Amino acid sequence: MTRYIDEKINEFKAYKPELTKQADHEAFWEQTISQARSQPLHDEWIELDYPIKQINAYQVSYRGFDETPIQAFYITPKQYKEKLPCLIFFHGYNGHKGSISDYMKWLIQGYAVIAVDVRGQGRSGDYSNYNSDEMGTWATKGILDKEEYYYRKVYVDGIRAIDLACSRPEIDTERIAIIGGSFGGGITLAVAALDDRPKLAVADVPNMCNIELAIKEKMEGSLTFVDRFLDRHPEYVDQVFTTLSYFDNLNLCSEINCRVRVSVGLRDLICPPKSIYGVYNHIVAAKSIEVYPVAEHNVYNVAHIDETLGFVNEHI
């Protein structure tokens, strides 16, 4: 078994797929981010009467792409003497930001936390109209047009969460980290590529990695809906993969400048390990990868959580 695992890891380490980047990739993202930043945040704050009295907690709404209000928690320790490092969290597909208590292991160490409900999920809405929306799932909304695709808006919403953090006088803007798993891990990598302000990115079993390979490997999870869409509409194969190329972390990851830690489960059928390595191997920034040989999609064992605490503390 050990020999087989070593062989698979060596195979993945050697895997460096060709990019699928379109000629206007950089121009598209420059225009997208410029458009987003030209709009005010219109942030609104509601202080929460939370049972843990050692913290300040707020329900926050800020405007993401296309003026959609994105909902988040903003949480800080009640007592602090210096500016606070800030951790921004993105959740998994069809998930939500969870409970304020989920973040206490960070609050007691003196971090501020922004926990985001990604657009259309949790308490966040989605004001966008999508011309291609027949599958009833986020992964295919607007998939025939890069200007309209769901993930364009999600990535920008993540950048706007950094804008929110940087607007707060109590936040040390030189110590911002972004963290997420699966869907949230894919967002984390993309936002780290598109924005230079994070100093650390922690992406557990990230999605939207080497998308063509992930779909070919007959994986489970959200990208199976892309496969089903193409089964219905084979005439759109080239168009769909062209759209996806703008949002594939394979074509974004070389722009990451901050330190990155990725994790991978070698039995993961939702975010296949080879596709994650395909992206990881293109990252030129300081990086490390945690490999779990018998893990499927859930790598959140006790040891991994403890190692994450130590890793973030060391670098933030």
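Counting residues in the stretch 178-201 that are at pLDDT 95 or above, at negative phi, open to solvent by 10 Å² or more (accessible area, probe 1.4 Å) and touching a Ser or Thr at 6+ places or on another chain (Cβ under 6 Å) gives zero. Looking only at the stretch 202-219, filter to residues that are β-branched (V, I, T) and at pLDDT 95 or above; which one of those is farthest from L244 (Cα to Cα)? If we take residues in the stretch 202-219 being β-branched (V, I, T) and at pLDDT 95 or above, then V202 is farthest from L244 (Cα to Cα). Exactly one residue out of K105, K78, K153, K141 is open to solvent by 20 Å² or more (accessible area, probe 1.4 Å), in contact (Cβ under 8 Å) with a residue 12 or more places away in the chain and closer than 26 Å to P40 by Cα, and it is K141. List pairs: first in the stretch 1-27 and touching a residue at least 24 places away in the same chain (Cβ under 8 Å), second basic (K, R), Cβ under 7 Å, 6+ apart or cross-chain? As it stands, the answer is F12/K274; Y15/K274, since those pairs meet every condition given. Within the stretch 190-241, the residues that satisfy the criterion of being in contact with a Gly (Cβ under 7 Å, 6 or more places away or on another chain) and of a type outside the set (A, V, I, L, M, F, W, C) are D204, P206, N207, N210. The set of residues from the stretch 3-59 being in contact with a helix residue (DSSP H, G or I) (Cβ under 8 Å, 6 or more places away or on another chain), at pLDDT below 95 and open to solvent by 80 Å² or more (accessible area, probe 1.4 Å) comprises R37, Q39. Counting the residues of the stretch 299-316 that are in contact (Cβ under 8 Å) with a residue 40 or more places away in the chain and in a loop (DSSP other than H, G, I, E, B) gives 3. When G125, G95 are checked against the criterion of being under 24 Å from D306 (Cα atoms) and of a type in the set (G, A, S), a single residue qualifies: G95.
Here the condition is being among the hydroxyl-bearing types (S, T, Y), modelled with pLDDT of 95 or more and either under 17 Å from A192 (Cα atoms) or within 19 Å of the chain's Cα centre (by Cα) (or both); of S222, S263, it holds for S263 alone. Among the residues that make up the stretch 115-128, is at least one of them over 21 Å from the mean Cα position of the chain (by Cα), at pLDDT 95 or above, open to solvent by 10 Å² or more (accessible area, probe 1.4 Å) and of a type outside the set (D, E)? Checking the stretch 115-128: not a single residue is over 21 Å from the mean Cα position of the chain (by Cα), at pLDDT 95 or above, open to solvent by 10 Å² or more (accessible area, probe 1.4 Å) and of a type outside the set (D, E). Hey, could you check the stretch 225-239 for residues that are closer than 20 Å to T20 by Cα and surrounded by fewer than 19 Cβ atoms within 10 Å (Cβ to Cβ) and say which is nearest to the chain's Cα centre (by Cα)? Here the residue is D227.
Criterion first (under 24 Å from R261 (Cβ atoms) and open to solvent by 30 Å² or more (accessible area, probe 1.4 Å)) does R168 satisfy it? No; evaluated as a whole, the condition is false for this residue. Hey, can you tell me all the residues within the stretch 1-41 that are hydroxyl-bearing (S, T, Y) and either over 17 Å from P272 (Cα atoms) or part of a helix (DSSP H, G or I) (or both)? Scanning the stretch 1-41 gives T2, Y4, T20, T32, S34, S38.
The values are calculated or read from the model by the stated rules, or taken from the named source; none is laboratory data. Since this is a predicted model, take the numbers as computed values, not measurements. Please note: Cβ atoms are built from the backbone with ideal geometry, for glycine as well, and neighbour counts cover all protein chains shown. Please note that ligands, DNA and RNA were not included when accessible areas were found on the heavy atoms of the full protein model with its side chains. Shrake-Rupley method; radii C 1.70, N 1.55, O 1.52, S 1.80 Å.
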